[in-house]
1. So which of Ala237, Ala268 is hydrophobic (A, V, I, L, M, F, W, C), farther than 30 Å from Val205 by Cβ and touching a Leu at 6+ places or on another chain (Cβ under 9 Å)?
2. Limited to the range 346-358, what total is found for residues that are open to solvent by 10 Å² or more (accessible area, probe 1.4 Å) and in contact with a Gly (Cβ under 8 Å, 6 or more places away or on another chain)?
3. Give the range 195-224 a look and list any residue that's surrounded by fewer than 17 Cβ atoms within 10 Å (Cβ to Cβ), touching a residue at least 24 places away in the same chain (Cβ under 8 Å) and over 17 Å from Glu30 (Cβ atoms), or say none.
4. Of all residues in the range 111-136, how many are over 27 Å from Pro59 (Cα atoms) and not in a helix (DSSP H, G or I)?
5. Restricting the search to the range 22-40, which residues are surrounded by 24 or more Cβ atoms within 10 Å (Cβ to Cβ) and touching a Leu at 6+ places or on another chain (Cβ under 6 Å)?
6. Among the residues that make up the range 369-388, is at least one of them assigned to a helix (DSSP H, G or I), within 21 Å of Ile14 (Cα to Cα), at pLDDT 95 or above and not polar (S, T, N, Q)?
7. Just to be sure I understand the filter: pairs with C-beta atoms under 6 Å, separated by 6 or more residues or on different chains, first member in the range 323-341 and over 15 Å from Gly208 (Cβ atoms), second member surrounded by fewer than 24 Cβ atoms within 10 Å (Cβ to Cβ) and acidic (Asp, Glu). Which pairs pass?
Amino acid sequence: MPASADVVIAGGGIIGSSIAYHLAVRGVSEVVVIERDPTYELAATPRSNGGIRRLFSRPQNIQMAAHGLAFYRAFAETMAVDGEPADISFRRQGYLFVSDRDGAAQMERNFETQRAHGVDAVVMTATELAMRFPSVSPNDVALAVLSENDAWIDPHAALMGFRRKARALGVTYRKGEVRDFECEAGDVRRAVLDDGSTISGEQFVNAGGAWCAELAAHVGIDLPVQPMSRESYFFKAESHLEPLPFLKTESDLAIRPEGDGYVGGLPAWDEPDGWNFEVSPDYFERRVWPALAERIPAMETLRLERSWRGHYARSQFDLSPYLGNTPTGPKNFHLANGFSGHGIMHAPATGRALAELLVDGHFVSLDLSCFRYARLLNNEPFREIGIV
């Protein structure tokens, strides 16, 4: 394993691997990714639902997701190694946002922003919703927005595809855990691993997912990103339903087709920050199932097959990520943290953006300065409005 590199990336999940891939494509010859668990047993990406949607309120999020959608559509060919395509089960079946509380006006404003930035979405009334998707109850629906060309993927396959291609391009993956960073003259010089070894570098990237705050603390950066545990489920309906898009409601219900069943859940936003992999004994029956049955009456009878927990890297300040270096930290220490559940869809754009920062010194393809750490110091939150 090399003792030094041009860029050292702490974290080899989908964000870190996307950054590594994009750096290699840009011609950075010595990139080392340090990953504590190459099996990714507890990583967030394999436990997610893999959605890619452009239904955001902020133009920057729309643009990042649009890039991700195009990138994943061509992923199998782009990430092929030795002629073997990187299949990620790309499924373009759309996203459906449903206003079932009091956010119809905001959803309509968001729709206008989405259309202005090239999203081919349509607005539907409750009656139109019922005609298009008969299994979805129109009760209490004020408005719905359908983006037919949005999609979802196999998230674990995407992570492995990024990793495999990055390695084929010369990126080194090293098993280990970063325990500290050694600084000299205000810059980070070395990453210290749990086995006592060090890796020197010119630039360092924090891509530690929900573990990112402790990495940032090593260089004196207070990073308000914490793990938020959430439950997901795979279940089967006894009734046959029409092909559904990825459905999300203002009341936080999320569900999409998966094989011969469905995956989804209902995040408990009051869940305390911290690690929790224990599935609740009654949350599905008490909260999720009633919400499913209310919105999709055929779900009144279903069979729960599997439950699991994963973690959002929840950005506590505004649920938006931090990209690049910080005004108060080492100039060669860069953040790519706090995606709050949007990491998969934004990974391609993030990898490209961080590669631009490290190679060109500034954002080139998209101006993502809204995600700079300085907004925290200036108390200027940049939060999604409406369904997050």
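1. Selected residue: Ala237, the only one of Ala237, Ala268 that is hydrophobic (A, V, I, L, M, F, W, C), farther than 30 Å from Val205 by Cβ and touching a Leu at 6+ places or on another chain (Cβ under 9 Å).
2. Residues meeting the conditions: 1.
3. If the condition is that a residue be surrounded by fewer than 17 Cβ atoms within 10 Å (Cβ to Cβ), touching a residue at least 24 places away in the same chain (Cβ under 8 Å) and over 17 Å from Glu30 (Cβ atoms), then Gly220, Pro224 are the ones that fit.
4. So the answer is 4.
5. The answer is Val31, and nothing else.
6. Going residue by residue through the range 369-388, those that are assigned to a helix (DSSP H, G or I) are 369-371, 374-377.
Pick out the ones that are also within 21 Å of Ile14 (Cα to Cα) and you get 371.
Narrowing the set further to residues that are at pLDDT 95 or above leaves 371.
Those left that are additionally not polar (S, T, N, Q): 371.
Yes - at least one qualifying residue is present in the range 369-388.
7. Pro330/Asp187; Asn332/Asp187
Conditions (1) in contact with an Asp or Glu (Cβ under 7 Å, 6 or more places away or on another chain); (2) part of a loop (DSSP other than H, G, I, E, B); (3) within 22 Å of Ser200 (Cβ to Cβ), marked per residue:
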site	(1), (2), (3)
Ala5	yes, no, yes
Ile19	no, no, yes
Glu41	no, yes, no
Pro46	no, no, no
Ala65	no, no, no
Phe71	no, no, no
Ala76	yes, no, no
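The values are calculated or read from the model by the stated rules, or taken from the named source; none is laboratory data. Everything numeric in this text was worked out from a predicted model, so none of it was measured. No Cβ is skipped: glycine too gets one built from the backbone with ideal geometry, and neighbour counts run over all protein chains shown. To get the accessible areas, we keep the full protein, side chains included, count just its heavy atoms, and leave off ligands, DNA and RNA. Shrake-Rupley method; radii C 1.70, N 1.55, O 1.52, S 1.80 Å.
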